[in-house]
Amino acid sequence: QQQQQQQPRRQVLTAALPFVAEAAQTVPQWDLLCGVAAAVCSIAWVKIFGKLKRAGVLEQNLSRKLVHITTGPIFVLTWLFFSDAPYARFIAAAVPCLNGIRLLAVGSGVVDNPGLVKSMSRSGDKAELLRGPLYYIAVLAAVTVLFWRENPAGAITVSMMCGGDGIADIVGRKFGTAKLPWNSSKSWAGSAAMFATGMVMACAYFWLFCSQGYFECVPLQFVLPYLSVVCGACTLVESLPVNSWFDDNLSVPLVAAGMSMLVLPMAAAAAAGCSVPQHSVLQMLHIH
């Protein structure tokens, strides 16, 4: 066992898809092209839901929630196409930043875009874009810069904010007859859906980025108990009656990121059969 512990850690990669490294060397400004493509796809994706709403295929609230659920996770998948250049994460982060500028322009009334307002707001008030949707965009930019591909905390944060929190509203409205005793506007069904969806999405991202070599793979039997703590904490925070002064798009990501930083090293340590020295926590999370 001592010999196994003394073996060097498996070398992790900084670029995933096999063709990316080659393309980054042969195609001029590869990362910039990836950023432009991601930005165009992001805008087109929102427009698709706007058209479906106007055509009567989707109800406005469902359209808005589907945008919430899908946009962030799809953006995280685009990380796979960027190179291992140190500046790649910043080009990727520029995509949500550009969308944030767009929201600022429309929400403040500088630019008139009724379609965007209807697809991303509850009430149809353009000022609403400056709250929840803008926080959502800010979180995507933050996790891209701070965590990027080498730290699973970023993908877990997106999983809980987008998949978990988004699906909770849809399920809660449809099946949420049994309300939570501490918050009558939330339901057991919605909270259960948030926990389950967040767990599934986080596990999928963990496996995807691990399998591509971004960080060392930890067997799921060690990850799941600790990941369930993260998802449970996020679900509890989302269920609290504090939405009027602390938006879910801020509270859930903050808890997801903080708890992931706290408990994921424990999962890695459990898999290695050792305790976690305090000085190694940041190293295990690939934060320098």
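The values are calculated or read from the model by the stated rules, or taken from the named source; none is laboratory data. Here the structure is a predicted model, which is why all the values come from computation and not from measurement. Heads up, the Cβs are rebuilt from the backbone with ideal geometry, glycines too, and the neighbour counts pull from every protein chain shown. Areas reflect the complete protein model, heavy atoms only, side chains present, ligands, DNA and RNA absent. Shrake-Rupley method; radii C 1.70, N 1.55, O 1.52, S 1.80 Å.
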Does segment 159-174 contain any residue that is open to solvent by 40 Å² or more (accessible area, probe 1.4 Å) and of a type in the set (Ser, Thr, Tyr)?
no
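Does segment 245-265 hold any residues that are assigned to a helix (DSSP H, G or I) and touching a Phe, Trp or Tyr at 6+ places or on another chain (Cβ under 7 Å), and which are they? Give the steps one after another, and end with the answer.
Within segment 245-265, the subset assigned to a helix (DSSP H, G or I) is 248-265.
Of everything in segment 245-265, those that are assigned to a helix (DSSP H, G or I) and touching a Phe, Trp or Tyr at 6+ places or on another chain (Cβ under 7 Å) turn out to be ASN249, LEU250, VAL263, LEU264.
Run down GLU128, GLU150 and say which single residue is more than 23 Å from SER63 (Cα to Cα), among the acidic types (Asp, Glu) and either buried (at least 19 other Cβ atoms within 10 Å of the Cβ) or touching a helix residue (DSSP H, G or I) at 6+ places or on another chain (Cβ under 9 Å) (or both).
Working: GLU128 fails: more than 23 Å from SER63 (Cα to Cα).
Result of the check over GLU128, GLU150: GLU150.
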Can you tell me which residue is surrounded by the fewest Cβ atoms within 10 Å (Cβ to Cβ) among those in segment 15-67 that are modelled with pLDDT of 85 or more and among the acidic types (Asp, Glu)?
GLU59
Anything in segment 69-107 that is over 22 Å from PHE19 (Cα atoms), over 17 Å from the mean Cα position of the chain (by Cα), among the β-branched types (Val, Ile, Thr) and crowded, with 19+ Cβ neighbours inside 10 Å? List them, or say none.
VAL106
Tell me, yes or no, whether segment 190-213 has at least one residue that is modelled with pLDDT of 95 or more, open to solvent by less than 30 Å² (accessible area, probe 1.4 Å), aliphatic (A, V, I, L, M) and more than 27 Å from TRP148 (Cβ to Cβ).
yes
If PRO225 satisfies all but one of (1) open to solvent by 60 Å² or more (accessible area, probe 1.4 Å); (2) farther than 28 Å from ILE91 by Cβ; (3) free of Cβ contacts under 8 Å to residues at least 40 places away in the same chain, what's the number of the condition it fails?
(3)
I'm checking my understanding of the structure. Among residues of segment 235-244 that are in contact with a Phe, Trp or Tyr (Cβ under 8 Å, 6 or more places away or on another chain) and in a helix (DSSP H, G or I), which one is surrounded by the fewest Cβ atoms within 10 Å (Cβ to Cβ)?
SER239
Neighbours by Cβ (under 6 Å, 6+ apart or cross-chain): first from segment 235-253, farther than 25 Å from LEU146 by Cβ; second surrounded by 15 or more Cβ atoms within 10 Å (Cβ to Cβ)
SER239/LEU180; SER239/ASN183; SER239/LYS186; SER239/SER191; PRO241/ASN183
